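The values are calculated or read from the model by the stated rules, or taken from the named source; none is laboratory data. Predicted model, so just to flag it, every value in this text is computed and none were measured. Quick reminder, even Gly has a Cβ in these numbers, built from the backbone with ideal geometry, and neighbours come from all protein chains shown.
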């Protein structure tokens, strides 16, 4: 049999296995809690983390503050896991646009319940300033333009939208495509600043569940946007911390480095 065919079959087999094992990690916690979109994404991120380092681990809880973000169960012990993304200075602007598109997606789903599509939207100069009072107005403009664009109906495009593309999808999904998504490299100093912030929570955590034997920290970067740092292969990220273990993880390809 051709070697390329064997490689492709192995890749497909591995992908199916990964989906199955990842599902067994995240589905129980998704079914247990009624989580908003942001927290569902967090569960998926930590699910990928667990799958990569040890798929025998289990997410047993996703408690409310002032507790760690997740309680992980492994080898008859409990681990309190704190999780955070390290944002760049440009993150405020990026997140403002993403928040607006998420809101527009919700409106679209309600307004056009029978429609299914994926809309990929670029914003002029990657900048969109709006007040909280204007949020619904902007979101509704986006919804109406996406609907008409997808139907091939000519209407005036909002001035802040530079480009749009729609594709067939299984549900309603709006994505933001940056024109300039280049992100800076993560420095060790920036990393240590974020670790210190999270260490400040440890005393409160330790006053809670006495059964927790270790506290871990997972720091996320690398989501292919200007809001997230890139991993610098030439940087030594090894560091000291009050956490028992500290991991740095790239969101896009789930590369994981243990830095403590």
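So for the stretch 213-235 (the condition being in the same structural domain as residue 105 (by TED's automatic domain parsing) and free of Cβ contacts under 8 Å to residues at least 24 places away in the same chain), does at least one residue qualify? There is no residue in the stretch 213-235 that is in the same structural domain as residue 105 (by TED's automatic domain parsing) and free of Cβ contacts under 8 Å to residues at least 24 places away in the same chain.
Within the span defined as the stretch 184-203, one or more residues are assigned by TED's automatic domain parsing to the domain that holds residue 75 and closer than 20 Å to residue 73 by Cα. Could you go through the stretch 126-137 and let me know if any residue there is at pLDDT below 95 and on the phi > 0 side of the Ramachandran plot. Within the stretch 126-137, one or more residues are at pLDDT below 95 and on the phi > 0 side of the Ramachandran plot. Residues that are in contact with a helix residue (DSSP H, G or I) (Cβ under 7 Å, 6 or more places away or on another chain) and assigned to a loop (DSSP other than H, G, I, E, B) were ranked within the stretch 134-158; the one that is surrounded by the fewest Cβ atoms within 10 Å (Cβ to Cβ) is 155.
How about the stretch 235-258: which of its residues are out of contact with any helix residue (DSSP H, G or I) (no Cβ under 8 Å at 6 or more places or on another chain) and in a loop (DSSP other than H, G, I, E, B)? Let's see the steps before the verdict.
Going through the stretch 235-258, the residues out of contact with any helix residue (DSSP H, G or I) (no Cβ under 8 Å at 6 or more places or on another chain) turn out to be 238, 240, 244-245, 250, 252-253, 255, 257-258.
238, 240, 244, 252, 253, 255 - these are the residues of the stretch 235-258 that are out of contact with any helix residue (DSSP H, G or I) (no Cβ under 8 Å at 6 or more places or on another chain) and in a loop (DSSP other than H, G, I, E, B).
One residue stands out in the stretch 96-124 among those that are closer than 23 Å to residue 230 by Cα and out of contact with any strand residue (DSSP E or B) (no Cβ under 8 Å at 6 or more places or on another chain): the one that is surrounded by the most Cβ atoms within 10 Å (Cβ to Cβ), namely 96.
Do you know which of the residues in the stretch 202-234 that are in a loop (DSSP other than H, G, I, E, B) and exposed (fewer than 13 other Cβ atoms within 10 Å of the Cβ) is nearest to the chain's Cα centre (by Cα)?
To start, the set of residues in the stretch 202-234 that are in a loop (DSSP other than H, G, I, E, B) comprises 207-211, 222-227, 229, 231-234.
Of the ones still in play, those that are also exposed (fewer than 13 other Cβ atoms within 10 Å of the Cβ) are 207, 210-211, 233-234.
Details: 207: 29, 210: 30, 211: 29, 233: 22, 234: 25 Å.
If we take residues in the stretch 202-234 being in a loop (DSSP other than H, G, I, E, B) and exposed (fewer than 13 other Cβ atoms within 10 Å of the Cβ), then 233 is nearest to the chain's Cα centre (by Cα).
Scanning the stretch 171-201 for residues that are exposed (fewer than 12 other Cβ atoms within 10 Å of the Cβ) and out of contact with any strand residue (DSSP E or B) (no Cβ under 9 Å at 6 or more places or on another chain), we see that the one that is farthest from residue 237 (Cα to Cα) is 180.
Within the stretch 104-133, which residues are touching a helix residue (DSSP H, G or I) at 6+ places or on another chain (Cβ under 7 Å), under 10 Å from residue 172 (Cα atoms) and part of a strand (DSSP E or B)? Result: 117, 119.
Scan the stretch 94-133 residue by residue and report those that are under 13 Å from residue 179 (Cβ atoms) and free of Cβ contacts under 8 Å to residues at least 60 places away in the same chain.
First pass over the stretch 94-133, keeping only residues under 13 Å from residue 179 (Cβ atoms): 94, 97, 120-128.
Residues satisfying the conditions are 120, 121, 122, 123, 124, 125, 127, 128.
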